[in-house]
Amino acid sequence: MSHLQLHLHSQPPSLSSTSSSSFSSLKLFTNNNSFSLPFKFKPFTIRCRHSDVFNPSPSNPPPPATTPPNNPLVGALPPRVYVGHSIYKGKAALTITPTPPKFVTLDSGAYKISRDGCLLLQFAPSVGPRQYDWNRKQLFMLSVDEMGSVISLGARESCEFFHDPFKGGSDEGKVRKVLKIEPFPDGSGFFFNLSVQDKIVNVDVSMNIPVSKAELSVLRSIFKYIMPYLLGWHAFANSINPEYSAALNNVANNANPRYGGDYEWNR
């Protein structure tokens with residue numbers, strides 16, 4: 001009768017420092033006490049490789065998913081782009097540039113326009129042929145309503161705008177700006193005359209620029225195009241969503257039947 005004995009010698013994974021795998025030793029031998037066999041048994045060893053599955057090596061965690069910033073669609077402005085239009089004459093130059101409207105965020109997350117945009121008129125005196133001193137420029141902010149007056153101006157009509165930048169403040173009356181637009185005697189154009197009296201810095205200057213009919217036509221086209229943007233209507237148009245608008249109207253009408261534009265037609 002033979003006795004078969006198995007001895008398992010396994011090296012702990014923690015003792016192995018030079019390899020990510022560990023090995024086990026399996027020894028098999030027999031003791032022959034009752035009878036002899038025609039051949040001899042010799043001890044032998046079986047080496048078994050432990051897979052890394054049983055001792056997985058630590059791996060770096062995946063990078064956290066990044067969420068793109070939640071950019072609002074309403075009132076969001078693209079990267080700033082500078083544009084302008086200039087009229088150069090012998091004694092002065094006139095440049096107009098738009099100033100965008102300003103928005104504020106409400107508690108509900110919606111946006112509301114807090115300040116209308118405008119057109120910035122910059123007058124610079126001439127210091128030579130086709131040369132102008134922009135360090136001595138004078139500014140006049142033309143509002144949307146004032147732009148409408150220029151657009152509707154007749155060939156023989158004139159208009160005048162008065163600005164006090166410090167109106168309502170402690171320095172009210174110290175700065176006076178007057179822009180006059182008057183027709184040529186022959187009706188072929190207009191004079192744009194800006195007078196500035198600034199008692200704070202002791203400045204009293206007046207600049208006059210003749211503007212032809214063609215040049216005024218360009219200005220009027222610019223005014224008509226930019227006015228809705230200065231009022232923020234482009235942001236409202238971009239925010240229109242049929243599904244959202246329908247749901248919002250249903251909620252509003254259920255809360256107050258007199259709310260919404262449909263009430264006027266349903267009376």
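The values are calculated or read from the model by the stated rules, or taken from the named source; none is laboratory data. No experiment lies behind these values; they were computed from the predicted model shown. In this analysis, Cβ positions are derived from the backbone assuming ideal geometry, glycine residues included, and neighbour counts consider all displayed protein chains.
See the values below:
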quantity	calculated
Residue check for Ser86: more than 21 Å from Lys224 (Cβ to Cβ) and part of a strand (DSSP E or B)	no
Residue satisfying all of: in the range 149-173; in contact with a helix residue (DSSP H, G or I) (Cβ under 8 Å, 6 or more places away or on another chain) and not aliphatic (A, V, I, L, M); surrounded by the fewest Cβ atoms within 10 Å (Cβ to Cβ) among these	Cys159
Some residue of the range 144-163 being touching a Pro at 6+ places or on another chain (Cβ under 6 Å) and basic (Lys, Arg)	yes
Sole exception among (1) more than 16 Å from the chain's Cα centre (by Cα); (2) modelled with pLDDT under 90; (3) buried (at least 17 other Cβ atoms within 10 Å of the Cβ) for Ile96, by number	(2)
Residue match in the range 247-257 (condition: outside any helix (DSSP H, G or I), modelled with pLDDT under 95, outside the structural domain of Lys102 (by TED's automatic domain parsing) and more than 30 Å from Asp133 (Cα to Cα))	yes
Residue in the range 209-225 that is outside any helix (DSSP H, G or I), under 29 Å from Gly90 (Cβ atoms), at pLDDT 95 or above and among the aromatic types (Phe, Trp, Tyr) present	no
Hits in the range 166-205 (condition: part of a loop (DSSP other than H, G, I, E, B) and of a type in the set (Phe, Trp, Tyr))	Phe166, Phe184
Residues (β-branched (Val, Ile, Thr) and more than 28 Å from the chain's Cα centre (by Cα)) located in the range 109-142	Val127
Any hit, the range 143-151, residues being under 25 Å from the mean Cα position of the chain (by Cα), outside any strand (DSSP E or B) and touching a residue at least 24 places away in the same chain (Cβ under 8 Å)	yes
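Per-residue answers, yes or no, for (1) part of a strand (DSSP E or B); (2) assigned by TED's automatic domain parsing to the domain that holds Phe166; (3) closer than 20 Å to Met207 by Cβ; (4) not hydrophobic (A, V, I, L, M, F, W, C):
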position	(1), (2), (3), (4)
Val104	yes, yes, no, no
Asp107	no, yes, no, yes
Ser114	yes, yes, no, yes
Ser126	yes, yes, yes, yes
Asn135	no, yes, yes, yes
Leu139	yes, yes, yes, no
